[in-house]
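Below is one structure, written out as structure tokens; comments come after it.
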Amino acid sequence: MAELTSLRMAVESLVRDGDFVAMEGFTHLIPFAAGHEVIRQRRKNLVLVRLTPDLVYDQMIGAGCARKLIFSWGGNPGVGSLHRLRDAVEHGWPQPLELEEHGHGDLSNAYVAGASNLPFAVSRAYAGSDLPRHSDAIRFIECPFTGERLAAVPSVRPDVTVIHAQKADRKGNVLLWGILGVQKEAVLAARRAIVTVEEVVDELEAWPNACILPHWTVSAVCRVPGGAHPSYAHGYYERDNLFYQAWDAISRDRESFLAWVKRHILETDSFEEFKRVLQEGLAKEVG
Amino acid sequence: MSAQHPFTAAEMMTVAAARLLRNGDVCFVGIGLPSAAANLARLTHAPDVVLIYESGPIGAKPEVLPLSIGDGSLAETADTVVSTSEIFRYWLQGGRVTVGFLGAAQIDRFANINTTVIGDYARPQVRLPGAGGAPEIATCAGKVILVLRQSARAFVERVDFITSVGHLDGGDARSRLGLPGQGPVAVVTDLCLMTPDSLTKELTVTHLHPGVSAEKVRAATGWNIRLAESLEETAAPSFSELETLRQLQRRTALAHGRAPEA
């Protein structure tokens, strides 16, 4: 049953040190505000899963929240590397980061298997690829009917999944649209789920086939306008491409990254204040 | 230069790659160079090409090139948007994709693709972004077209890591593994066009772009690359191809504050 609550309280009660955490959103609706709150509350030793780690996990990894990352594409889209991810992998800073690599198809399939309460997912991939040689999480099985050799990956069943969506109603039913990624699968695969939303409304006014997560599949719903920034929320705001480009310089060395995290996350008490500090910084640059 | 209109090597690469898509193809599009080429094809000779992006849009017709694979412009202009798991399960693995259009950090003489690491996996010299959707696309798409800039660092005898399968060690290796798709059928670079030999599957240069010498291609390839006996020159970009590409780049630069790669 969804509780309408603050993001601070939701993270306090639902995200624990050492948890297996999924924060999903494919370019669109990335739950940045929630990622910041996890950093602010200094969660440790998380096992993070996400198709595209993006800036949200780069920040969490650099801030020392994670010990392992399960992913399929780890770059800054259209810009280059995720420097904090690379520093953790290549130099163990601020702590070593174990990697488990997949392709988008099989990792999204692994969420489907998790939501389906199955132990693994099958797909037709990886014959001839070196990925299975370097991963215990990709193995081959024989189809019991045809004998075909197929790839198997363990299902993804997070302790907690966090997503951002456009709307919830007052009961906590959640509506999202546009590029959906694997958010629905990730929520249904998890034991607990937090959803941040742009707005809370009386009526969702959705079509019958719309992507809706009924309130009883979600643990907490938090109203956080702009909570997907610098990614975008279809119908609300555009992707802040300039921030993605600026992140390359901010994250390139440890000092500038730490200064950014301190000023924007650790020294702010909410996403509202983060937005204010970010705006002030931009105003200074322009002025 | 035999061209009537001045053009850059990057423009030639995108135009040459675009020409390989046919009207009616269902194309699974990688971000960056492949996306530019696929959209140029759609805006020129292949208006009915169906562009599928791994984030979920099917039949995307973006006005500007997406900076990332899940841009809103893809969803807004698509015929439908489905979940990422559905894209891979029903549409790609389901056998509905005729062409996969991919980039790569490193490829080898049998068009195997590396986007994982340069060097040893456990202690990489360079850690690359990883697989994305390419392993599944390289396995299941009807055929694969690769587009990337040519250099001896990117074109190596044997990739350090096979992220996505090309023709392995050549010959009938793919069919022996039972892979559903044909694999790479063309590699387009800023210097030339290569296709796998019909028997050995070794990449062979069939077309040199205008103004490019065989020596230049050899110098930019990390193995002793074969040239076709009937080596041809790629037709220079037409005025309309160039104009359409440049307008697309201009719109994109305006929208994003800078242009993605040509």
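No lab work stands behind these numbers, since they all come straight from the coordinates. Keep in mind that what you see is a predicted model, and the values were worked out from it rather than measured. Heads up, the Cβs are rebuilt from the backbone with ideal geometry, glycines too, and the neighbour counts pull from every protein chain shown.
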Once you treat every alpha carbon in chain B as an equal point and sum by Debye, what is log10 I(q)/I(0) at q = 0.12, 0.16 Å⁻¹? -0.69, -1.25
Given 10 Å bins starting at zero, what is the percent of C-alpha pairs of chain A in each, up to the one with the largest pair distance? 7, 29, 35, 21, 7, 1, 0
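Just from its helices, what would the mean residue ellipticity at 222 nm be for chain A, if runs of 4 or more DSSP H residues each count -39500 (n - 2.57) and the sum is divided by every residue, rounded to the nearest 500 deg cm²/dmol?
-9000 deg cm²/dmol
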At 1.567 mPa s and 4 °C, Stokes D of the protein assembly as shown from Kirkwood alpha-carbon radius, µm² per second: 54
Using alpha carbons only: equivalent-ellipsoid semi-axes of the range B:175-230, gyration tensor based, whole Å: 24, 11, 10
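In the range B:141-217, which trypsin sites (Lys or Arg not before Pro) fall in coil by DSSP and have 15 or fewer other Cβ atoms within 10 Å?
Working: sites: B:K143, B:R149, B:R153, B:R158, B:R174, B:R176, B:K201, B:K216; in loops: B:R149, B:R153, B:R158, B:K201.
Hits after loop and neighbour filter: B:R153, B:R158.
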Span-like helices, chain A: DSSP H, alpha-carbon axial extent 20 Å or more, mean Kyte-Doolittle -0.5 or greater, which ones? A:271-286
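According to the Kirkwood expression over distinct Cα-Cα pairs, how big is the hydrodynamic radius of the range A:34-159, in Å? Don't skip to the end; give the middle numbers.
Details: mean 1/r = 0.0643 Å⁻¹.
Result for the range A:34-159, one decimal place: 15.5 Å.
Would you work out the relative contact order for chain B, in percent, from Cα pairs under 8 angstrom that are 6 or more residues apart? Numbers along the way, then the final one.
Numbers: 598 pairs, mean separation 53.8, N = 262.
RCO, chain B: 21 percent.
Rounded to the nearest 0.05, what FRET efficiency do A:V277 and B:A253 have when you use their Cβ-Cβ distance and R0 = 45 Å?
Working: r = 30 Å, r/R0 = 0.67.
For A:V277 and B:A253, the calculated efficiency is 0.90.
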Can you list the residues, at least 5 places off or on another chain, whose amide H is less than 5 Å from the amide H of B:V82, using H built in the peptide plane? B:I58
GNM on chain B, C-alpha springs below 10 Å: top fluctuator among B:A228, B:A186, B:A41? B:A228
Pick from A:V197, A:V277, A:V49: which residue has the top mean-square fluctuation in a GNM of chain A where Cα pairs under 10 Å get a spring? A:V277
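Percentage of Cα-Cα pair distances in the range B:125-262 greater than 27 Å, rounded to whole percent? Each step should come with its number before you reach the end.
Values: 3069 of 9453 pairs.
Counting pairs separated by more than 27 Å, the tail of P(r) holds 32 percent.
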Where Rh is the Kirkwood radius over the Cα pairs of the range A:1-106, the temperature 20 °C and the viscosity 1.002 mPa s, what D in µm²/s does Stokes-Einstein return? 153
Log10 I(q)/I(0) at q = 0.08, 0.11, 0.12, 0.15 Å⁻¹ for the range A:141-287, from Debye over equal alpha-carbon scatterers, is -0.34, -0.59, -0.68, -0.92
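Determine Rg/Rh for the range A:219-287; Rg is computed over alpha-carbon atoms and Rh is the Kirkwood hydrodynamic estimate from the same atoms.
On the way: Rg = 13.2 Å, Rh = 13.4 Å.
Across the range A:219-287, the Cα-based Rg/Rh ratio is 0.99.
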Please give every one of the lysines within straight-line cross-link reach of B:K61, meaning a C-alpha to C-alpha distance under 18 Å, and leave out same-chain neighbours fewer than 8 residues apart. none
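Evaluated at 10 °C with a viscosity of 1.306 mPa s, what Stokes-Einstein diffusion coefficient in µm²/s does the range B:1-141 have when Rh comes from the Kirkwood expression over alpha-carbon pairs?
This corresponds to a translational diffusion coefficient of 99 µm²/s.
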Among the aspartates and glutamates, which have Cα under 15 Å from the Cα of A:K275 when same-chain residues fewer than 8 positions away are ignored? A:E37, A:E198, A:D240, A:E267
Relative contact order computed over the range B:182-262 (Cα-Cα under 8 Å; 6+ residues apart), in percent: 20
Let me know the longest stretch in chain A that avoids all GluC sites (Glu not before Pro) found in a DSSP loop with at most 12 other C-beta atoms within 10 Å. A:1-147
What list of ³J(HN,Hα) values in whole Hz, one per residue of the range B:218-233 in order, does the Karplus curve 6.51 cos²θ - 1.76 cosθ + 1.60 (θ = phi - 60°) give from phi, with Gly and Pro shown as x? 4, 5, 9, 10, x, 9, 6, 6, 7, 10, 5, 5, 9, 5, 10, 9
Could you work out which residue, out of A:K68, A:K262, A:K167, moves most in a Gaussian network model of chain A, that is, has the largest mean-square fluctuation with Cα springs under 10 Å? A:K262
Along the charge dipole of the protein assembly as shown, which of A:V200, A:A125, B:H207 sits closest to the positive end, that is, farthest toward it, with unit charges on the beta carbon of Lys, Arg, Asp and Glu (+1, +1, -1, -1)? A:A125
